[in-house]
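To start, the structure itself, in structure tokens.
The values are calculated or read from the model by the stated rules, or taken from the named source; none is laboratory data. From a predicted model like this one, the values you see are computed outputs, not experimental measurements. Using ideal geometry, Cβ is built from the backbone for each residue, glycine included, and neighbour counts are taken over all protein chains shown. Side chains are part of the model used for accessible areas, which takes the heavy atoms of the whole protein and leaves out ligands, DNA and RNA. Shrake-Rupley method; radii C 1.70, N 1.55, O 1.52, S 1.80 Å.
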Amino acid sequence: VHPVSRGRNWGYGSRVPPRDGAVVLDLHRLASVGDYDPELGTVRVEAGVTQVQLHDFLLARGGAHLMDPTGSTPDASVLANALERGFGHTPHADHADHLVGLEVVLPDGSVLRTGLAGTPGAAAAAAHRWAAGPALDGLFLQSRLGVVTSATVQLMPRPAAARSFFFSAVPGTGVADLVDALRPLRQAGTVGSAVHLANAYKVVSGLQRYPWDRTGGATPLRPEALAPLAAGLGVGPWSGSGALYGSAAQVRDAARQVRRALRGRVTTLRFLDDRRLAAVETLARRGLLPGVLGRGVGLVRPVHGLLMGRPSPHAIESAYWRMREPFDAARAPERDPDRDGCGLLWVSPVLPLRGRDAAEVDRIVTRVTLGHGLEPVVSLTLLTPRSAVAVVSLLFDRTVPGGDEQAAACAADLTARLAAAGYHSYRPAVPARRDGTGLDEASARVVAAVRREVDPAGILSAGA
Ligand SMILES: Cc1cc2nc3c(=O)[nH]c(=O)nc-3n(C[C@H](O)[C@H](O)[C@H](O)COP(=O)(O)OP(=O)(O)OC[C@H]3O[C@@H](n4cnc5c(N)ncnc54)[C@H](O)[C@@H]3O)c2cc1C
């Protein structure tokens, strides 16, 4: 039995069970949102509740709280993403960190509730993670030890003021410089959002398809061929985004500090709120913005929206990078990378929030991906005050014979080389998941003992 909540686990195994002959338990009809507490900022979601559903629910109740969207489809599951330890953009970006009171159906059919939710009548069940004694929540993240049917999400209060910011690094400023410049601001809480850095490959793949004409059909797109393309689009070696939240005075002060930290390292640094963005868009529509700014506006709105708690389908387009056929909206209006043969595998190492680690990961990724005929499409999310996750997109065309094998070999090689350098994946694809991978002997023994006790017949997502 392999549970999926919405089955949009694109790039990490989609909805495919780890082995043949499994029953897919599709939970999308568990779709109720409830128990919203406007004082505490908590809400209960069932497994099938989507990002857009939670967003609309909160808006309909006055919009006093924000949900934290990922860059994936608005139709992905809020709960499944948190169970996979997925992340988004706002100060609540680390989704598992804001999930409490899991209701779990175990393989024997019994129902368990984690934390205070398991203590009948506990008044703080939605507000406080820990009950007395050992905590069980972590057992059900990326674990296949139970089917989680619902949980409480702790929400972010809508701030009085909020501004997103966007910047582009000057040539010669590497990812290490940016990480070291931004770390103090993340650690002090000046920048509350996760900060998202993207290399030129990542930004260009969000703006257009693979330049088949320019390359005469050759792959991969080498850095020398990317450089003029990126320059023409006004895309620097690294671009970044984040947001500031608080009172108007706090946001103004934080903006000053961001400006100071990035001075000399970036060419453009723009701060936007909803009103200013609308004004910029009006100028762009009338052709009154210089080339680069005008073209960039299309990318800015969805990212700004994510930072303000609004899900967007926009990023899905990037999964179509290597596809030659234009997207046929007449045939099916919504993008679906699985249906359309888009090849996407993520490799997502976690690293300490230090410039030298970011540079080393970037170096390994560039060498290995190009060596396997794929582009080093990289984003780096400064997720917590002390750690970052690099998300490498291996983008290919599944309709090209041999494409799957080429990308799988690249993913395996890249994962191994990063791990050898100390950078382990925060989230392996479902079929590649093995108990004990990377664990010391005692930890592996404890996990095996729990699995024997909880799922002795190996019913759940077996083969993983
Ligand atoms: C362009 C693009 C951008 C993306 N951006 C992001 C991003 O910003 N952040 C991010 O985290 N991801 C991102 N993704 C990856 C992915 O699409 C999301 O993580 C998405 O939320 C996963 O799909 P889902 O929520 O429908 O989960 P599902 O596919 O329903 O579930 C994922 C896995 O979790 C387990 N699972 C699901 N439900 C349960 C349950 N109830 N109980 C126990 N186990 C369960 C299963 O093993 C399942 O395979 C992106 C993907 C694309 C293509």
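Scan the range 212-221 for residues that are in a loop (DSSP other than H, G, I, E, B) and surrounded by 13 or more Cβ atoms within 10 Å (Cβ to Cβ) and report the count.
3
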Report, ordered by the first and then the second residue, all pairs with beta carbons closer than 9 Å, sequence separation of six or more or different chains, a first member in the range 254-276 that is in contact (Cβ under 8 Å) with a residue 12 or more places away in the chain and in a loop (DSSP other than H, G, I, E, B), and a second member that is open to solvent by less than 80 Å² (accessible area, probe 1.4 Å) and among the basic types (Lys, Arg).
Asp273/Arg163
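Which is within 7 Å of the ligand (Cβ to nearest atom) and open to solvent by 50 Å² or more (accessible area, probe 1.4 Å), of Arg8, Arg19, Arg29?
Values: Arg19 fails: within 7 Å of the ligand (Cβ to nearest atom); Arg29 fails: within 7 Å of the ligand (Cβ to nearest atom).
One residue alone meets the criteria, Arg8.
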Which one of the conditions (1) open to solvent by 40 Å² or more (accessible area, probe 1.4 Å); (2) touching a strand residue (DSSP E or B) at 6+ places or on another chain (Cβ under 8 Å); (3) within 16 Å of the ligand (Cβ to nearest atom) does Asp35 fail to meet, given that it meets all the rest?
(3)
Among the residues of the range 313-329, write down those that are free of Cβ contacts under 8 Å to residues at least 12 places away in the same chain and over 22 Å from Asp213 (Cα atoms).
Ala329
Could you please give the count of residues in the range 80-122 that are within 14 Å of the ligand (Cβ to nearest atom), assigned to a loop (DSSP other than H, G, I, E, B) and either over 23 Å from His2 (Cβ atoms) or free of Cβ contacts under 8 Å to residues at least 24 places away in the same chain (or both)?
5
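For the range 330-365, how many residues meet the condition of being of a type in the set (A, V, I, L, M, F, W, C), assigned to a loop (DSSP other than H, G, I, E, B) and without any contact (Cβ under 8 Å) to a residue 60 or more places away in the chain?
Here is the first cut: in the range 330-365, the ones of a type in the set (A, V, I, L, M, F, W, C) are 330, 332, 342, 344-347, 350-351, 353, 358-359, 361, 364-365.
Those left that are additionally assigned to a loop (DSSP other than H, G, I, E, B): 330, 332, 353.
Then keep just the ones that are without any contact (Cβ under 8 Å) to a residue 60 or more places away in the chain; that gives 330, 332.
Of the residues in that region, 2 qualify.
Determine if the range 56-64 includes at least one residue that is surrounded by 21 or more Cβ atoms within 10 Å (Cβ to Cβ) and modelled with pLDDT of 95 or more. First the steps, then the outcome.
Just the residues of the range 56-64 that are surrounded by 21 or more Cβ atoms within 10 Å (Cβ to Cβ), to begin with: 58.
Cutting the leftovers down to modelled with pLDDT of 95 or more gives us 58.
Yes, that holds for at least one residue.
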Counting only residues that are touching a strand residue (DSSP E or B) at 6+ places or on another chain (Cβ under 9 Å) and open to solvent by less than 60 Å² (accessible area, probe 1.4 Å), the range 337-363 contains a total of 18
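Per-residue answers, yes or no, for (1) open to solvent by 40 Å² or more (accessible area, probe 1.4 Å); (2) of a type in the set (Lys, Arg); (3) more than 28 Å from Ala249 (Cα to Cα):
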position	(1), (2), (3)
Arg129	yes, yes, yes
Arg163	yes, yes, no
Phe167	no, no, no
Gly189	yes, no, no
Which of the numbered conditions does Ser241 fail, given that it passes all the others? Conditions: (1) touching a Phe, Trp or Tyr at 6+ places or on another chain (Cβ under 8 Å); (2) assigned to a helix (DSSP H, G or I).
(2)
Return the pair list, or none, for Cβ contacts closer than 7 Å from residues in the range 440-464 that are within 21 Å of Val148 (Cβ to Cβ) to residues that are open to solvent by 40 Å² or more (accessible area, probe 1.4 Å) and outside any loop (DSSP other than H, G, I, E, B), at least 6 apart or on different chains.
Val450/Leu139; Ala464/Pro431
For the list (1) touching a residue at least 60 places away in the same chain (Cβ under 8 Å); (2) polar (S, T, N, Q); (3) near the ligand (Cβ under 9 Å from one of its atoms), I need the number of the one condition that Thr42 fails.
(3)
Cβ pairs under 6 Å, 6+ apart, first in the range 127-151 and small (Gly, Ala, Ser) and within 8 Å of the ligand (Cβ to nearest atom), second outside any loop (DSSP other than H, G, I, E, B) and open to solvent by less than 60 Å² (accessible area, probe 1.4 Å):
Gly146/Val104; Gly146/Phe140
